Amino acid sequence: MQTRVVALAVAVLLVAGVAGVAVHQGPRRAAPVVVAGATTTSSTTALPPALAALITDLEHYVERTRGLTFQRPVPVTLLSEKEFKKRIDAQSQIDKATADKNTRVLRALDLVPAGTDLAKSQKSLLSAAVAGFYDIKAKQLVVRGAKPTPAVRQVLVHELTHAVQDQHFNLDRSDLSKKDDESDQAWTGLVEGDAVRVQDAYVASMSAKDQAAVSAEESDQAQQISPDIPQILLQLLGFPYQVGPGFTKAVLAAGGQARLDAAFASPPSTSEQLIHPDKYLAGEGAIPVADPPANGKVIDRGVFGEFGFILQLEGTPGLTEDAVLRAAAGWGGDRYVAWDEASRTCVRVDTRMDTPRDLDELRAALAKWVARHPGSTLTGGASADSPLRFTSCA
């Protein structure tokens, strides 16, 4: 799998053959409970009549709310906590070499602390956080929870939304994962934003008692996530379902059901388009930027993106949250490369912004970050022909 600085940690977190990710926020900031669309093998037994009737009702709810009709039944398996964790652990085959390379790239950007074991963190997070998945190969659902509690019902709604999406639009877009840009992440934002939007509507239709039960169950599961999981992994995992619902709502507002359906045929391609749906609706894509030069053999290349700069700048002393968002907004396009250099890894990003003012704001914000990170530099950007170049090594 090719890796990207922003998209790479999302890819690292997911089980092979991912259709998408949705997160139910627990009480801790950025401590997600995940509903992952993943390829696995599972057997489905006959459901008790009451559960089968419930799933039929939930399918009808999804059809009404999403505006799509199921073309065929979707097999469902509910597993106990123990059995579900066994299933996820068996599925989580993590490539240690790739995880180690990704760790070095994130370390070069000071996005993970020294000594981070990304493979171990991934396995721990998946085991604790995944609440269910839609199998895009076997076309079936597997959900954590032996009984259809309020929280399990909302997971079923979320995953049934993926199932009906798949039946109409084909969620298996492995072609996007082969690209070294933000296409795969943007596709995930569309798919998950749509499912979260339907899921949220379902929860809003519940009684106050059931809504409280959902919150309590989510809180209990969120507490299983180790506090040692690097914050950047939680942020990257959360991005598609945090911004995705707003994106899908904006597309619906602009053109209704037909426009949203059309987005699955022509999806967003950048994190900027997810964050600012008006950019997508106006057809504003990324400005072409050439790969910057590397001072060694390139081990990774891709697009940093608006979201990448938000992650990079967040928490920088002297920058408020609003200042970080302003600095990253106006992103036009970029390319990055990473290489190993002696005992350290370096990342270099060349960026173009939409306007000179946008460029000045990003330059000023990055300068504050560079000032606190020895081994990093900021050059270029003096003219339209000179992209802003940010380099960091660790």
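Would you tally the residues in segment 75-92 being part of a helix (DSSP H, G or I), surrounded by 22 or more Cβ atoms within 10 Å (Cβ to Cβ) and modelled with pLDDT of 90 or more?
Residues that pass the stated criteria total 1.
What number of residues within segment 111-128 satisfy the criterion of being outside any helix (DSSP H, G or I) and surrounded by fewer than 18 Cβ atoms within 10 Å (Cβ to Cβ)?
4
Quick one: Asp172 ticks every box in (1) crowded, with 17+ Cβ neighbours inside 10 Å; (2) farther than 15 Å from Leu54 by Cβ except a single one, so which number is it?
Condition not satisfied by Asp172: (1).
Quickly run through segment 236-246 and pick out the residues that are among the aliphatic types (A, V, I, L, M) and surrounded by fewer than 23 Cβ atoms within 10 Å (Cβ to Cβ).
Across segment 236-246, the qualifying residue is only Val243.
Select, from Leu233, Leu311, Leu260, the only residue that is crowded, with 20+ Cβ neighbours inside 10 Å, assigned by TED's automatic domain parsing to the domain that holds Arg66 and within 30 Å of Asp340 (Cβ to Cβ).
Selected residue: Leu233, the only one of Leu233, Leu311, Leu260 that is crowded, with 20+ Cβ neighbours inside 10 Å, assigned by TED's automatic domain parsing to the domain that holds Arg66 and within 30 Å of Asp340 (Cβ to Cβ).
Would you mind finding the one in Thr345, Thr351, Thr320, Thr316 that is exposed (fewer than 14 other Cβ atoms within 10 Å of the Cβ), in the same structural domain as Thr377 (by TED's automatic domain parsing) and more than 22 Å from the chain's Cα centre (by Cα)?
Matching residue, one of Thr345, Thr351, Thr320, Thr316: Thr320.
Condition check: assigned to a helix (DSSP H, G or I), free of Cβ contacts under 8 Å to residues at least 60 places away in the same chain and more than 30 Å from Cys393 (Cα to Cα). Does Asp175 satisfy that?
Criteria met by Asp175.
What's the number of the condition Asp95 fails, among (1) at pLDDT 50 or above; (2) in contact with a strand residue (DSSP E or B) (Cβ under 8 Å, 6 or more places away or on another chain)?
The one condition Asp95 does not meet is (2).
Residues in segment 272-279: is at least one outside the structural domain of Leu378 (by TED's automatic domain parsing), on the phi < 0 side of the Ramachandran plot, assigned to a helix (DSSP H, G or I) and of a type in the set (A, V, I, L, M, F, W, C)?
yes
Residue-by-condition table, conditions (1) in the same structural domain as Tyr241 (by TED's automatic domain parsing); (2) aromatic (Phe, Trp, Tyr); (3) under 25 Å from Ser215 (Cα atoms); (4) in contact with a Lys or Arg (Cβ under 7 Å, 6 or more places away or on another chain):
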position	(1), (2), (3), (4)
Ala90	yes, no, no, no
Ile94	yes, no, no, yes
Thr98	yes, no, no, no
Thr103	yes, no, no, no
Gly132	yes, no, yes, yes
Val155	yes, no, yes, no
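Can you tell me which residue is farthest from Thr77 (Cα to Cα) among those in segment 154-169 that are touching a helix residue (DSSP H, G or I) at 6+ places or on another chain (Cβ under 7 Å) and not aliphatic (A, V, I, L, M)?
Here the answer is Phe169.
Assigned to a loop (DSSP other than H, G, I, E, B), at negative phi and in contact with a Leu (Cβ under 6 Å, 6 or more places away or on another chain): does that describe Pro267?
yes
Could you please find all residues in segment 81-109 being under 19 Å from Leu311 (Cβ atoms) and either out of contact with any Ser or Thr (no Cβ under 7 Å at 6 or more places or on another chain) or basic (Lys, Arg) (or both)?
Those that are under 19 Å from Leu311 (Cβ atoms) and either out of contact with any Ser or Thr (no Cβ under 7 Å at 6 or more places or on another chain) or basic (Lys, Arg) (or both): Ala99, Lys101, Arg104, Leu106, Arg107.
The values are calculated or read from the model by the stated rules, or taken from the named source; none is laboratory data. Here the structure is a predicted model, which is why all the values come from computation and not from measurement. We place every Cβ from the backbone using ideal geometry, glycine too, and count neighbours over all the protein chains shown.
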